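We did not get these values from a lab; they are worked out from the coordinates using the rules stated. The structure presented is a predicted model; accordingly, all values stated were derived computationally and were not measured. A quick note on method: Cβ atoms are made from the backbone with ideal geometry, for glycine too, and the neighbour counts reach across all protein chains shown.
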Amino acid sequence: MNRVQAFITANFDCYEYNDIDRYIELGGFEALKKAIEKGSDYVIDELRTADIKGRGGAGYPTWKKWAIGHKRQAEKKYVVCNADEGEPGTFKDRELLKKDPFKVIEGMMISGFVFGASKGFIYIREEYAYIQETFKEALEVMREKKYLGHPVFGSDFVFEIEVFSGAGAYVCGENSSLIESMEGRVGRPRIKSPRVGEKGYLGYPTLVNNVETLAGVTTVLLIGAERYAQYGTQESPGTKVICVSGNVKNPGVYEIPFGVTLREIIYDIAGGVEEGRRIKFLQLGGISGPLMPGNMIDIGYSYEALEQEGFSVGSGSILVADETNRVIDFLVSVSDFFYHESCGKCVPCREGKRQLTRLLKKFVSGTAKGKDIKTIEKIAHTMKYTSFCGLGQTAPTALLSAIKYFLPEFWNLVGDKEVSRIGEGEWK
Amino acid sequence: MLNTQAIEAILKKYQYDEKALINILQDVQEVCEGRYISEETAAHVSEELNISKRTIYEVITFFAALREHPVGEVLIQLCNSTVCKVKKNAEVKAALEEILGIEMGETSQDKKFTLEYTTCFGACDVSPAIRINKVVYGNLDRDKTLMLMRELKGALYE
């Protein structure tokens, strides 16, 4: 089995971002043509075989989302490409938008065709302002070549795409917050149901997909679901675009077949740990993911194998931290991030984050007491189960996993060890 | 001074569409002195779009890319998220503060430099990284940071 396999990223460094002719030579728009000729049911079937799951982090099967959306009747529908890649440690969508914008655009058109929308938006984060410019140029080329704004491949399908710039809010990666901000309001999540698939942009059904998901759709239709699914594992067919960062020799974006182990990813693909140091922990799936101790890296990178151990693929980020890092400092950084990014709508997230940050800093300053660990756990669980949206629910994930795997580190930083002892009956 | 002409051009570009408020404010900010939205500017946009000032301020204070305080000619943003922490961004912070003579969150007296923390901007493969007026510089250490800043200062003060 190859350790890297370029399907979704096959066109990287093969064409300039606005060279549409070269893109067509590479098989561009054949996927769209196939979709139009063979129809929506064919597309959904192919996606079912390829079993592509939402690559923004949620992991919901794309074919299911599209099958439901396809059937929904409405006077108007919209599709949105979520390029608000804000999960720290994640930069794969950046590479896809930069190195293969036409594949993403083609994926958006296919999603529009299946969903029954004639208008699409791409929501690109403000931090990628330079990509917004190149992407707009690529769209302009599409218009000149009459792929946008004109009927394509002898059908009556006409599509148009507009770029919307984010403004630096992590919570806007959440679909309903993203749509709120597209309507000119602050990005606070909406009450569900209705979900955005039912009532989204301007109250119309809106299909939102991640950049990599859409590039994956184009890829699957181009090469065929069966060929794609030959790679990977039984339950996680195909490939995943991952971002390896932190204390590794060669950080970067790589495409791997599901099933290779984390050890292979870190040592064979990313060149191993800097200066030959030992791995202390990994954080998988971005800042909202759990910490994995360094001795667990023989797990295969697939949805099922990671889930079994309480981890997840998430956004595809793999952050490697070596033994020079203290878990507590890392957690403070995670906590600061969420404290800053909480939208403030619900109490568990807003106040929980404030208290967690305060308590964690006590460990750094050496004023923490044993009972603080218990308080942290209590607040973390409250946030996990009662927060309004995914942000608050996943904000304490790293912390809870750290308590599970690295409890002695907390304990070593407790100033007053007399108050309570770990593992001996009740906490006080 | 309120740059009404430039603001009007932006509002026209977005056809006075209140749905585009976030993009409008981002563009407006760029044409204002100090690259921020002053109370006067906010009031002006509020009137032109017929949106309450309260809503405008709710948006400005919510989004990190919108500012209600002026920044220097050169805005330097140091990523303070997890990956850059692991890659020892503290070294870069110390170098920046030392050579610019200001601390995080401050603007130099001559209004040339502003130094601030920012959350992840997706440059984790070249961490630790900074953004200088939205342009990313990565793989930094103390020496590289000092060199970069000397060049920048040379160009600004020559």
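Annotations for the structure displayed:
- Alpha carbon convex hull of the stretch B:74-157, volume per residue in cubic angstrom: 76
- Electrostatic dipole magnitude of the stretch A:234-389 [Cβ: Lys, Arg +1; Asp, Glu -1; Cα centre; debye, to 20]: 1080
- Normalised by the number of residues in chain A, the average gap of Cα pairs under 8 Å and 6 or more apart makes the relative contact order 16 percent.
- Cleavage-rule hits (trypsin sites (Lys or Arg not before Pro)) in the stretch A:107-200: DSSP loop, at most 16 neighbouring Cβ within 10 angstrom: A:K145, A:K146, A:K192, A:R195
- Among A:E341, A:E274, sorting on how many other beta-carbon atoms sit within 10 Å of each Cβ, with the fewest leading, yields A:E274, A:E341.
- Too-long pairs where the Cα-Cα distance tops 29 Å, listed order kept, from A:K33/B:K19; A:K353/B:K87; A:K361/B:K19; A:K192/A:K280; A:K64/A:K240; A:K103/A:K199: A:K33/B:K19; A:K361/B:K19; A:K192/A:K280
- For A:D372, A:D329, the sequence from fewest to most other C-beta atoms within 10 Å is A:D329, A:D372.
- Pairwise alpha-carbon distances in the stretch A:20-229 exceed 29 Å for 17% of all pairs.
- Unsatisfied cross-links (Cα-Cα over 28 Å) in the set A:K404/B:K144; A:K145/B:K13; A:K345/B:K88; A:K38/A:K71: A:K404/B:K144; A:K345/B:K88
- Measuring nothing but how far apart in sequence close Cα pairs (under 8 Å, 6+ apart) lie, relative to its length, the stretch B:74-157 scores a relative contact order of 38 percent.
- Isolated Cys in chain B, by beta carbon distance under 4.7 Å: B:C32, B:C120, B:C124
- Percent of C-alpha pairs per 5 Å bin, the stretch A:239-322, short to long: 3, 16, 32, 30, 16, 3, 0
- Largest-first principal axis extents, alpha carbons of the protein assembly as shown, Å: 77, 64, 48
- Peptide A:331-338 is shielded by partner chain Cβ atoms: per residue, an average of 3 of them sit within 10 Å of its Cβ.
- Along each principal axis, taking the top coordinate minus the bottom one, the Cα set of the stretch B:31-122 gives 47, 31, 17 Å in descending order.
- Using C-alpha pairs below 8 Å separated by at least 6 residues, the relative contact order for chain B is 19 percent.
- Centre separation in Å (Cα based) which lies between the stretch A:351-417 and the stretch B:118-158: 33
- Point-to-point label distance, B:T61-B:Q109, nm (Cα→Cβ direction, 7 Å offset): 3.2
- Compactness of the stretch A:5-109 as Cα Rg over 2.2 N^0.38 Å, two decimals: 1.15
- In this Cβ point-charge picture (+1 for Lys and Arg, -1 for Asp and Glu), the stretch A:327-412 has a dipole of about 320 debye about its Cα centre.
- Positive-end residue, the stretch B:4-62 charge dipole about Cα centroid, Cβ charges, pick of B:Q15, B:T4, B:A43: B:Q15
- Of B:L156, B:C120, B:L96, farthest towards positive along the dipole that unit charges on Lys, Arg, Asp, Glu beta carbons give the stretch B:81-158: B:C120
- Cα-centred dipole magnitude for the protein assembly as shown, charges only on beta-carbon of K, R (+1) and D, E (-1), debye, nearest 20: 1620
- Extreme residue, positive dipole direction of chain A, given options A:S177, A:C389, A:G300 (C-beta unit charges): A:C389
- Cβ-Cβ distance of A:K76 and A:K38, R₀ of 41 Å, FRET efficiency by 1/(1 + (r/R0)^6): the value works out to about 0.95.
- Over chain B - Rg/Rh using Cα atoms and the Kirkwood inverse-distance radius: 1.03
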